[in-house]
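To keep things clear, I will list the structure first and then write my remarks on it.
The values are calculated or read from the model by the stated rules, or taken from the named source; none is laboratory data. Just so it is clear, the model here is predicted, and its values are computed rather than measured. Cβ placement follows ideal geometry from the backbone for every residue including glycine, while neighbour counts extend to all protein chains displayed. For accessibility, only protein heavy atoms count, side chains too; no ligands or nucleic acids. Shrake-Rupley method; radii C 1.70, N 1.55, O 1.52, S 1.80 Å.
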Amino acid sequence: MKVRRWMTAGAVAVATVAALNTVPATAGKPYDPTAQTLGALGLRHGLQVGTAVNMDALNDADDPQYRKIAATEFASVTAENVMKWESLEPTRGNYNWGPADQLVDFAKRNRQSVRGHVLVWHNQLPAWLTSGVADGSISKQELRELLRKHITTVAKRYKGKIWQWDVVNEAVSDPWDTPPTLHYKGFWAENLGPGYIADAFRWARAADPKALLFYNDYNIEAFGSGNPADDKTQFVYDMVKKLRAQGVPIDGVGAQGHLGTQYGNFNTFQVTEALKKFTSLGVATAFTEVDVRSQMTEGVQAGNSEEINPRLQASAANFSVLMKACLAVRSCLSYTVWGFSDNHSWVPGWFDDPPEGLATIYDENYQPKLAYHEIKSDLIFAGPPFVLPRLAPKPRR
Ligand code: 9MR
């Protein structure tokens with residue numbers, strides 16, 4: 001009797017092991033990581049691979065591939081435009097929540113997390129706000145109150161539905177601005193002074209205590225001279241250090257990752273180093289808007305492969321450097337591409353002299369490019385001891 005019981009148990013065990021070996025059980029096929037999505041592969045490391053979503057493309061019935069890839073390939077989504085102030089409150093006091101709600105619902109249906117973008121930025125502000133300040137009908141005091149109300153209203157509406165909020169975006173100048181010494185730039189700093197940054201984080205925390213609150217900026221993927229007068233990464237590092245010392249509830253720093261093949265590559269160690277330095281301040285990190293554009297020379301536009309191939313290779317290398325650095329640093333919680341296909345990328349509309357493009361991981365016909373395969377291979381081959389599960393911080397009180 002006993003023997004028979006053991007035999008039964010043994011048979012069950014053998015069957016179970018056999019079943020596990022074919023995980024996931026797709027009709028006897030062995031597990032093939034290359035057939036997995038970027039999102040699924042990232043989750044094995046606790047890393048969320050996401051995309052910005054263009055709502056017009058998502059709703060275009062003639063473009064079903066866009067919706068399919070947005071729904072299936074990624075673990076996380078970001079609103080490319082529809083959570084910006086001009087979209088949410090085009091006329092004063094009248095909110096247009098439709099498109100933003102739709103994205104949040106889409107994410108829920110597809111079991112994706114949402115990066116909220118963006119609560120405070122100097123671009124894409126409603127005209128009623130900027131013109132009111134310009135003509136003096138909105139005072140500085142009223143402006144501060146309007147900002148508090150905006151942050152509170154938006155963060156409360158999506159309370160519990162947003163994983164990470166970009167609370168403040170692009171607050172720091174670039175070396176090509178005037179004056180060239182790095183400084184707090186733009187509408188908010190000019191009208192309220194840099195204190196708006198700490199205020200914004202405190203208001204966001206009060207409205208949504210569980211979301212991770214991020215500062216987000218471009219050109220902070222690696223350190224430069226180390227002098228905050230001309231090294232934007234250093235300037236942001238010093239800023240975050242100060243904010244943390246003051247007890248401001250900032251939980252993360254997002255490096256956007258808008259790179260270009262004409263600028264030369266960072267190496268993985270430079271980027272890893274930057275992530276580690278931010279981590280040492282006690283904050284999470286993320287790549288939030290990755291794309292790698294190229295100049296569209298006449299040869300590229302004419303389809304000359306001798307000009308196209310080196311650009312696709314350099315683009316893939318840049319995407320891969322950021323992915324490897326993110327995998328290597330446990331505070332790096334997410335890797336978001338800023339659009340996934342060249343037919344819906346902001347790049348061609350933005351850079352036209354000289355024209356630029358080829359910035360994403362799929363071509364305009366939704367064929368995965370070399371960059372797609374390279375970041376996928378980074379996710380597949382990454383393992384201990386260099387890659388361990390992420391360490392997410394608790395939202396700071
Ligand atoms: O991709 C966005 C594009 O559709 C808008 O026209 C543009 C307006 O400024 O903003 C783009 O997204 C930006 C993001 O919100 C913040 N970082 C830079 C992104 C690219 O410009």
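Overview of results
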item	result
Most fluctuating residue given options Thr233, Thr34, Thr51, as computed from a GNM of the chain linking Cα atoms under 10 Å	Thr34
Principal axes of the stretch 199-349: Cα extent on each, largest first, Å	55, 33, 28
For the chain, accessible area per residue (1.4 Å probe, heavy atoms of protein chains only), Å²	46 Å²
Spatially proximal lysines relative to Lys108 (Cα-Cα < 17 Å; intrachain offsets below 8 disregarded)	Lys68, Lys159, Lys161
Segments 278-284, 93-99 sorted - mean Cβ within 10 Å per residue, highest first	278-284, 93-99
GNM result for the chain, Cα springs below 10 Å: residue of Asp378, Asp230, Asp62 fluctuating most strongly	Asp62
Per residue, the convex hull volume that the Cα atoms of the stretch 276-397 enclose (Å³)	132 Å³
Positive-pole candidate from Pro209, Thr261, Ile138, dipole of the chain, charges at beta carbon	Pro209
Descending Cα extents along the principal axes, the chain, whole Å	89, 58, 47
Between helix 232-245 and the chain: long-axis angle, C-alpha atoms, 0 to 90°, nearest 10	90 degrees
Candidate aspartates and glutamates for bridging to Lys149, where Cα separation is under 14 Å - those fewer than 8 sequence places away on the same chain excluded	Glu89, Asp199, Asp208
Extension gain, Glu273 back to Glu145 (0.36 nm per residue minus Cα-Cα distance, nm)	42.2 nm
Percent accessible area from carbon and sulfur atoms, the chain, protein chains only, probe 1.4 Å	56 percent
Amide H contacts of Gly260 (H built 1.01 Å from N, under 5 Å, at least 5 apart or other chain)	Arg293
Amide H contacts under 5 Å for Thr336, placed H, 5+ residues apart	Gly50, Phe287, Thr288, Glu289, Val290
Angle between the chain longest axis and helix 268-279 axis [Cα atoms, degrees, rounded to 10]	70 degrees
Principal-axis tilt of helix 370-381 within the chain, Cα atoms, nearest 10 degrees	60 degrees
Cross-link partners of Lys324 among lysines (Cα-Cα below 16 Å; sequence separation of 8 or more within a chain)	Lys276, Lys376
